[in-house]
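Below: the structure, in structure tokens.
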Amino acid sequence: MKEIRDMNILAIESSCDETAAAVVHNGREVCSNIISSQIELHKLYGGVVPEIASRKHIEKINQVIEEALREAQVTLDDIDAVAVTYGPGLVGALLVGVAEAKAIAYARHLPLIGVHHIEGHISANYIEHPNLEPPFLCLVVSGGHTHLVCVRDYGKYEILGRTRDDAAGEAYDKVARAIGLGYPGGPKIDRLAKEGDPDAIPFPRAHIADAPFDFSFSGLKSAVLNYINGCQMKGETIRPADVAASFQKAVVDVLVEHSMKAAEEYGMGRFAIAGGVASNSALRESMKKACEERNLKFYHPSPIFCTDNAAMIGAAGYYEYLAGTRHGWDLNAVPNLKLGER
């Protein structure tokens, strides 16, 4: 794909509880990446409250964009296109970003590029790995998604497997709540698991016979809750660190096993991870080891590019622009947007 030099994209991300804006140069150079997180606000409720998230996006979005432009030392006169997440995500939250992007693009006569949120996560790997190009396999693991994707080319994806129920990050949050850690669960379980025995409790690993690359974490979550309830009924002591470590090992084992099986079957020499759970230390270490054992090149973004951010949307938007993707003023939020849909 021919690259266009000296192109600045203003990118906006507001799919959940981070209001983010970035300026990305030529798809891989991040000039600014501003994130306003709502985690402290939603901690009060044990999870993201959609209406509160939407209102906070409205309050913050103009400030975040202005800061992104200022940090990049550019003005809107230097922007060549506007990219924005339009799905999947919380509909109210998405609408704030989409409306803002349309307003800027319309007022400045700029191309408007709607970006799929998961495509953004995958594209985060391009930012720090200049030599990474398709084809490669990518495991996207976050609070809302668990996808095993074959990246055929820029913007061309084949989903090999996905979760049948809970996403991996969702299971982390629910288990964290059950053992009293609170929200957000992923980082807290990761830290606590370092103090526990990962083989202390034999939690189950789900396998789906007719779909070897699909995932299921609902049964594992239920097994953890049943274990805790059983201990409480019997008056037995619960060691939260052992629960966290054993749960995390069960999740990581399945993610790594399915990923390596897909890499072998599809003959891929490059493997990447992306999404919020991709910053989990146990997953990164286990995936790195598995890839080294199979002579696979392993790629992963820094933690700041694993969580929701706008730089990844700018990277994805650049390649969508090169592919000819343009959206009109009728662009709308699509909360259940499927990867590969336009």
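Taken together, the values in this text are just the output of simple stated rules run on the coordinates, not laboratory data. No experiment lies behind these values; they were computed from the predicted model shown. Don't worry about glycine lacking a Cβ; one is built from the backbone with ideal geometry, like all the others, and counts go over all protein chains shown.
Determine the calculated [θ] at 222 nm for the chain from helices alone, applying -39500 (n - 2.57) to every DSSP H run no shorter than 4 residues and normalising by the residue count; nearest 500 deg cm²/dmol.
Theoretical 222 nm ellipticity from helices: -14000 deg cm²/dmol.
Run the numbers for M7 and M233: contour at 0.36 nm per residue of separation, minus the present Cα-Cα distance, in nm.
75.1 nm
Taking 0.36 nm per residue of separation and subtracting the Cα-Cα distance, what length does fully extending R55 through K338 add? It would help to have the intermediate numbers written out before the result.
Details: separation 283, 0.36 × 283 = 101.88 nm, distance 2.57 nm.
Contour length minus Cα-Cα distance gives 99.3 nm.
Restrict the search to the stretch 1-103; then list the GluC sites (Glu not before Pro) that DSSP places in a loop and that have at most 11 other Cβ atoms within 10 Å of their Cβ.
Hits after loop and neighbour filter: E3.
In what sequence, highest mean first, do 221-230, 297-306 appear when ranked by Cβ atoms within 10 angstrom?
297-306, 221-230
For a Förster distance of 22 Å, can you work out the FRET efficiency between the beta-carbons of A209 and K156, rounded to the nearest 0.05?
0.15
Tell me which lysines have Cα within less than 17 Å of K174's Cα, excluding those fewer than 8 residues away on the same chain?
K43, K188, K221, K249
Evaluated at 10 °C with a viscosity of 1.306 mPa s, what Stokes-Einstein diffusion coefficient in µm²/s does the chain have when Rh comes from the Kirkwood expression over alpha-carbon pairs?
Values: Rh = 20.4 Å.
Result for D is 78 µm²/s.
Which of the lysines could a cross-linker bridge to K297, judged by Cα under 20 Å and excluding same-chain residues fewer than eight apart?
Correct list for K297: K261, K288, K289.
Under a cut-off of 14 Å between alpha-carbon atoms, report the aspartates and glutamates in cross-link reach of K338, not counting same-chain residues fewer than 8 places apart.
Excluding near neighbours in sequence, the set is E119, E158.
If you keep only loop residues by DSSP, which chymotrypsin sites (Phe, Trp or Tyr not before Pro) in the stretch 1-110 have at most 13 other Cβ atoms within 10 Å of their Cβ?
Passing both the DSSP loop test and the Cβ count: Y45.
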